[in-house]
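The values are calculated or read from the model by the stated rules, or taken from the named source; none is laboratory data. This one's a predicted model, so the numbers in the text were calculated from it and none came from an experiment. Glycine gets a Cβ as well: all are built from the backbone with ideal geometry, and neighbour counts include every protein chain shown. Just so you know, the surface numbers come from the protein's heavy atoms only, side chains and all, with ligands and any DNA or RNA stripped out. Shrake-Rupley method; radii C 1.70, N 1.55, O 1.52, S 1.80 Å.
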Amino acid sequence: MSAVPYLTLTEANSVRNLQETHLNRARASLRQALSWYGYLRKSGQMSSNPELAGLVKPELETLNSALQKLDSNVIKIAVFGLVSRGKSAVLNALLGDKVLQTGPLHGVTQWPRSVRWQPGNKVLIELIDTPGLDEIAGESRAQMAREVVLQADLILFVVSGDITRTEYQALQEMRQSQKPLILVFNKIDLYPDTDRAAIYENLQQLGAAAPQAQPLLPDEIVMVAAEPAPMEVRVEWPDGRVSYEWETPPPEVDELKQTILNILNREGRSLLALNALRQARDAEAKIAQKTLDLREQEAEEIIWQFTKYKALAVGLNPIAFLDILGGTVADLALIRALARLYGLPITSYEAGKILKTIFFSSGGLLLSELGSSLLLGLGKSTAAIASGDNPTNITAYAGSAIAQAGIAGYGAYAVGKAAQIYLEKGCTWGQFGASTVIQEILSQVEPNTIVYRLRQELGIKFGE
């Protein structure tokens, strides 16, 4: 239950500079995406297709919102939990004032409510209070939770007493949201000091019980008493009288407050950048999917068109190696043509990377095409050279050319269909792509941080 150690001045400056770099990279990524889709609108590729422009409007709004959130530099912390766990009370204790309504009845908080908090006049935080996850209107409540989680940079999950099955399932769903989470055990004043160590150990085991979950760090479990129960106090008066009065102890939330501040000082801007990039990545992936769905027929026509072009270019070229080179150029042109059709950002270099990935992930089929094309191309060249001396070699040339054209045509069609998948999945890569910058940030985080533990839990591989 130890707090995060304080950093030296040199370490703090290094952390601050790294976080600022992460924030700037995230801004550059979102601005590039918005610039690209803005170009598509100005160039008429979207305005000429009002159906597509309408379909992707929510995703473009998400990109704009994510960039505005980065520029405002406000950290959003959402609190979740079941009813009567003291979520609102925890936030009131952090704020130092009873801003949010609390009470003995279930469901006092009926909808998400946000309040601003600026502890120590340093970082600006938006605290989001939410209704209990186990109240009525389950599906709408679940949708509300998903929307709030999407916006949150950090999650507080409040529990108290024994963990129920519903609570456990909700906690694991929160941990699968790819957001850093602090498990807050409220009402600790009801337990003797001797029980607190056992409670802490149980919570650690609970946090690591999910598949692929990593053990929770010390600063991911915090015990608080947001609204301590009144205590009977003995009062001795100067005249010797003794009376008993009920007093309410002050809230015990200093450890939670310090934990939040330590996390935000150490990795707050990185959390902000990662959350904005994740929203951008998901929005761009949806734009790509909607575009692919809408232009499926046009894409099929382009793929068949390039299939015929490649078959003719390879089959009619009498020079070995040049026919293979011509086929590769046709594959690259096909990828670029599909990208233009979909309005997705892609350079020649990225088209080459997609083609390389397709070749080496096709289970050897396209590599077999390359080998077969090479052998047939050599045979075709030999037949072409010998045809001047023996006209019967023209038949051998034609046979090799037809076989090579057929294989090339198959390869072009396979590349086109695979390219559709990679264009959908890979639209967020590239130098400033959201996925690229996310991987870059996660590769630079320090061990023993929440983001590092999250990276380990997701099983993300680096250096590939």
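The figures follow:
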item: Residue count, region 176-194 (criterion: open to solvent by 60 Å² or more (accessible area, probe 1.4 Å) and within 14 Å of Val224 (Cα to Cα)); result: 5
item: Evaluation of Ile182 against (1) assigned to a loop (DSSP other than H, G, I, E, B); (2) β-branched (Val, Ile, Thr); (3) in contact (Cβ under 8 Å) with a residue 60 or more places away in the chain (one fails), failing number; result: (1)
item: So Arg31, is it open to solvent by less than 50 Å² (accessible area, probe 1.4 Å), among the basic types (Lys, Arg), at pLDDT 85 or above and out of contact with any strand residue (DSSP E or B) (no Cβ under 6 Å at 6 or more places or on another chain); result: no
item: Qualifying positions in region 217-248 - free of Cβ contacts under 8 Å to residues at least 40 places away in the same chain, crowded, with 18+ Cβ neighbours inside 10 Å and aliphatic (A, V, I, L, M); result: Ala225
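Okay, residues lined up against (1) modelled with pLDDT of 80 or more; (2) part of a helix (DSSP H, G or I):
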{"residue": "Gln169", "(1), (2)": "yes, yes"}
{"residue": "Glu173", "(1), (2)": "yes, yes"}
{"residue": "Thr194", "(1), (2)": "no, yes"}
{"residue": "Ile199", "(1), (2)": "yes, yes"}
{"residue": "Leu203", "(1), (2)": "no, yes"}
{"residue": "Gln212", "(1), (2)": "no, no"}
